[in-house]
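In what follows, a structure is listed as C-alpha cells, so that the remarks can point back to it.
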Amino acid sequence: MLNRGIEPVFYESDYNRFYEDAVVDAAKLVDFRPDLVYFCTSSQNLRGFPRLMASPDEIEADIRRELSPFRQAWEAICNTIPACTIIQNNFEPWPWRTLGNLEGGCAWGVSSFVNRLNAALGDECRSNPRLKIVDAHGLAADLGMQRWFSPAQWFSYKMAQTPEAAAYLANGVSALIAAVYGRSKKCLVLDLDNTLWGGVIGDDGLDRIQLGRETALAEAYTAFQLYCKGLRERGILLAVCSKNDEQNARLGFKHPDSVLRVEDFSSFRANWSPKNENIEAIARELNIGLDSLVFADDNPAERALVRSQLPQVAVPELGQDVSCFARILDEAGYFEPSALSSEDLERSQQYTENAVRRQAEGAFQNYGEYLASLEMEAEIQPFSPVYLDRIAQLTNKTNQFNLTTRRYTRAELEDFAARDECVTLYGRLSDRFGDNGLVTVVMGFIEGSAVEIDLWLMSCRVLKRDMELAMLDKLVETALERGAKKLVGRYIRSAKNDMVAEHYRNLGFRCVSSSPDGSETLWELALDELHYRPRSRYIKDHALGPRSSAGKN
Amino acid sequence: MPLAPEAVLERIRPIFRDVLDLPSFDVMPSDNASTVEGWDSLAHINLVTNIEQEFGIRFALGELAELKNVGEMIDLILKKLAQRP
C-alpha cells in the first residue's frame with residue numbers, strides 16, 4: 001500500500017468474527033467509519049461441501065448457504081456505512097483432489113464446488129457496484145502457472161507445458177487411463193501410531209495421543225483422518241496394519257476426536273508379526289490382489305520392508321510429516337475413479353440418510369435467532385484426563401476472558417480434578433460450522449456451604465455465544481448436588497481482562513465487596529434449588545465425549 | 001571460484017549422451033546440430049531444459065538462436081553463471 005502511495009489506518013476484526021462484527025454488533029466498525037472493508041477468507045473456511053452424488057438443487061442450496069453470511073455482512077455494511085467499498089476475495093482451489101480427474105468432471109467435486117462458488121461471487125459483484133472481488137483463485141493459479149508454463153518455451157518451441165508440468169500432466173492422464181482399465185488401487189492399508197494419530201497409543205495412552213483441534217499437530221492428524229474418511233465414503237477400502245496390541249490399537253479410535261471408527265476398516269491387523277505377512281493376510285481376507293493395495297506408514301524401515309518383500313504393493317514415500325501425507329497420496333493418483341459405481345452411490349445414500357441437511361438462509365430478526373441458527377451443542381463435564389493438556393494450555397494462555405488469571409500446571413490441574421473439595425468443569429462447543437474444541441474452563445473449591453470460583457476463563461473465539469450461561473447452569477447444578485448454598489466469584493483486574501469486569505453482574509451475582517481501587521471485586525449468587533432457572537437457551541448440553549474418568553463422581 | 005569452460009563441458013557431456021541416447025558420445029565445442037546425429041528440434045528442447053536445470057539458469061528468448069556451436073553455448077552458460085547473484 002505504501003509503495004502505491006496510500007497510507008491506510010487499519011481496523012481489524014477479531015479472528016473468524018466478520019459476521020458478528022458486521023451484522024450483529026457493528027458499533028465499533030461503524031464508529032471507525034471505514035472507506036473500505038476487506039473480507040479475507042479462504043477455501044479452508046468452507047464447511048458445507050456437497051455430499052457425493054448431490055443433486056443440482058442440493059448443490060445450489062450449498063452454494064447459497066456458504067454465501068449467505070457474506071451476503072448478509074455486505075448488506076449490513078451497505079446499510080450502516082455510507083459509501084464504503086467492500087472487497088471480498090474469492091476462493092482458491094482446494095489443495096488436493098480426493099476424486100482425482102473426476103473433480104473436473106462431476107458437479108459435486110470440491111473443485112467444481114469452488115468454481116461454482118466463485119462464479120456466484122462474480123454474479124454478486126456484477127449486481128452490486130460497491131462489491132469488488134479479489135481474484136484469489138486466479139492469484140493462486142498464477143503461482144502454479146509459473147511452474148506450469150514458460151512463455152519463452154511457448155514462443156520458441158510451442159511447448160504449452162514446461163517439462164516439469166508435462167510430466168505432471170502425463171501422470172494425471174495415465175492415472176485416468178489406468179482407472180478406465182480398472183487398475184486403480186482399491187484399498188489403503190494404514191499404520192496407526194504417528195500415521196493416523198500423533199504419538200504411540202501403547203505408551204502414551206488415549207489421553208496423550210495427538211488428535212483433535214487443540215494443537216497444530218493434532219489438527220494435522222485429524223485432517224489426514226478426514227482425507228482417509230473421504231476415500232472410504234467413495235468406496236475405497238481401509239485396512240489397519242499396525243505393530244500394536246489389538247486392544248490398544250482399537251482404543252485409539254475411541255478418542256473423542258477420532259474421525260475414523262473401527263467400523264470404517266474392512267480389515268484390522270494389529271499384532272507383532274512382520275507387516276508384509278499382515279498385508280498378505282489383508283489381501284486374502286478382502287479377496288483382492290496385492291497390486292490393489294497402497295501401504296501408508298510413517299516409518300521408513302517398514303516401508304522398505306514391504307517394498308522389498310511385496311513389490312506389487314504400492315508404497316509411497318510418505319516421509320514423516322503428517323501434513324504432507326494426503327498430498328503425497330493424492331498426487332500419486334492411486335485411487336483415481338473413472339466413475340463412481342452404483343455401490344458407491346448406495347453407500348453415499350446411506351451416508352445422507354444419517355446426515356441432516358441444514359439450511360440457514362435469509363437475515364436474522366434478532367441475535368437470539370442467529371444464536372439458534374448456529375445449532376450449538378456443548379459438552380460440559382468435570383476435567384477428564386484426555387483433555388488435561390488442553391485445559392492446562394487454555395488456563396495458561398487465556399488473558400482476556402479470564403476472571404482471575406491464575407495459572408496452574410497440568411499436574412496441579414490433575415490434582416484438582418482428583419480432589420473431593422474441588423468442582424471442575426470444562427466446556428467444548430460445536431456449531432453447524434464445525435467443532436470449536438475445548439474453549440472454556442471453570443474450577444472452584446467447596447468452602448463450607450459455598451463454592452468459591454477460583455478459575456473462570458474462556459477462549460475469545462466463542463465470545464457472545466452464551467457459552468458462559470451454559471457453564472453457569474452446569475456449575476449451579478453441580479454445586480446444588482454438592483449441597484452448596486451459594487456461589488462466590490472473584491474478579492481480579494489484569495492488564496487485559498477488562499472485558500469480564502462485569503461478568504458476574506451480568507450473570508446475576510451481587511457485588512459484596514470491592515478493593516478501594518476497584519481492581520478486585522467479590523460477588524455472590526445465592527442458590528435455591530427451587531428458583532434457579534437455567535439461563536442458557538441456545539446451547540444444547542450434549543455429552544459428546546467420554547464421561548469423566550477422573551476418579552471421582 | 002568461476003568454472004572453467006572445460007568443467008562446463010564435462011557437466012554437459014552426460015546430458016548429450018542421455019538425451020541423444022548415445023552412451024559413448026563426447027560432445028566437442030565445435031559441434032552443432034548439423035554435425036551431431038539425432039540433434040533434432042525435440043532433442044534440442046530436451047538439451048536446453050536439462051542444461052538449464054543442471055546449472056540453475058534460464059536462457060532468455062532468442063539467446064540460443066544466435067549461437068553457432070557448443071563452445072559458444074558454454075560461453076553463454078559461463079556468462080549466465082557469473083551474472084547470478
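The values are calculated or read from the model by the stated rules, or taken from the named source; none is laboratory data. Keep in mind the model is a prediction, meaning the values are calculated, not measured. FYI the Cβ positions are ideal-geometry reconstructions off the backbone, even for glycines, and counts take in every protein chain you see. For the accessible areas, the whole protein counts, side chains as well, though only heavy atoms, and no ligand, DNA or RNA atoms are used. Shrake-Rupley method; radii C 1.70, N 1.55, O 1.52, S 1.80 Å.
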- request: Give the residue, chosen from A:D454, A:D466, that is in contact with a Ser or Thr (Cβ under 7 Å, 6 or more places away or on another chain), open to solvent by 10 Å² or more (accessible area, probe 1.4 Å) and at positive phi.
  value: A:D466
query: Of all the residues that make up the range A:331-352, how many are out of contact with any strand residue (DSSP E or B) (no Cβ under 8 Å at 6 or more places or on another chain), at pLDDT 85 or above and either open to solvent by less than 30 Å² (accessible area, probe 1.4 Å) or hydroxyl-bearing (S, T, Y) (or both)?
result: 2
- prompt: Do any helices (runs of 4 or more DSSP H) entirely within the range A:235-342 hold 1 or more residues that are small (G, A, S) and either farther than 22 Å from A:P95 by Cα or touching a Lys or Arg at 6+ places or on another chain (Cβ under 8 Å) (or both), and if so, which?
  reply: A:246-252, A:275-286, A:300-309
task: Return a yes/no flag: does the range A:81-91 have any residue that is open to solvent by less than 70 Å² (accessible area, probe 1.4 Å), without any contact (Cβ under 8 Å) to a residue 60 or more places away in the chain, touching a Leu at 6+ places or on another chain (Cβ under 9 Å) and within 14 Å of another protein chain (Cβ to nearest Cβ).
output: no
message: Test of understanding: among B:V19, B:V27, which residue is modelled with pLDDT under 95, surrounded by 14 or more Cβ atoms within 10 Å (Cβ to Cβ) and within 17 Å of A:Q153 (Cβ to Cβ)?
response: B:V19
- request: Can you work out which of the residues in the range B:32-66 that are in contact (Cβ under 8 Å) with a residue 24 or more places away in the chain and in a loop (DSSP other than H, G, I, E, B) is nearest to the other protein chains (Cβ to nearest Cβ)?
  value: B:I57
task: Please state which of the following conditions A:P34 fails to meet, knowing it meets all the rest: (1) over 17 Å from A:A136 (Cα atoms); (2) part of a loop (DSSP other than H, G, I, E, B); (3) in contact (Cβ under 8 Å) with a residue 24 or more places away in the chain; (4) open to solvent by 40 Å² or more (accessible area, probe 1.4 Å).
output: (4)
task: Filter the range A:373-408 down to the residues that are open to solvent by 70 Å² or more (accessible area, probe 1.4 Å) and under 30 Å from A:S449 (Cβ atoms), then identify the one that is farthest from the chain's Cα centre (by Cα).
output: A:R406
- request: Determine the pairs where a residue that is within 22 Å of A:S459 (Cα to Cα), located within the range A:202-220, has a partner that is open to solvent by 60 Å² or more (accessible area, probe 1.4 Å) and at pLDDT 90 or above with Cβ atoms under 7 Å apart, the partner being 6 or more residues away or on another chain.
  value: A:Q210/A:L217; A:R213/A:E219; A:A220/A:S323
Conditions (1) within 12 Å of A:M443 (Cα to Cα); (2) touching a residue at least 60 places away in the same chain (Cβ under 8 Å); number of the one not met by A:L413: (2)
statement: By residue number, the members of the range A:139-153 that are open to solvent by less than 90 Å² (accessible area, probe 1.4 Å), part of a helix (DSSP H, G or I) and within 13 Å of chain B (Cβ to nearest Cβ) are A:P151, A:A152, A:Q153
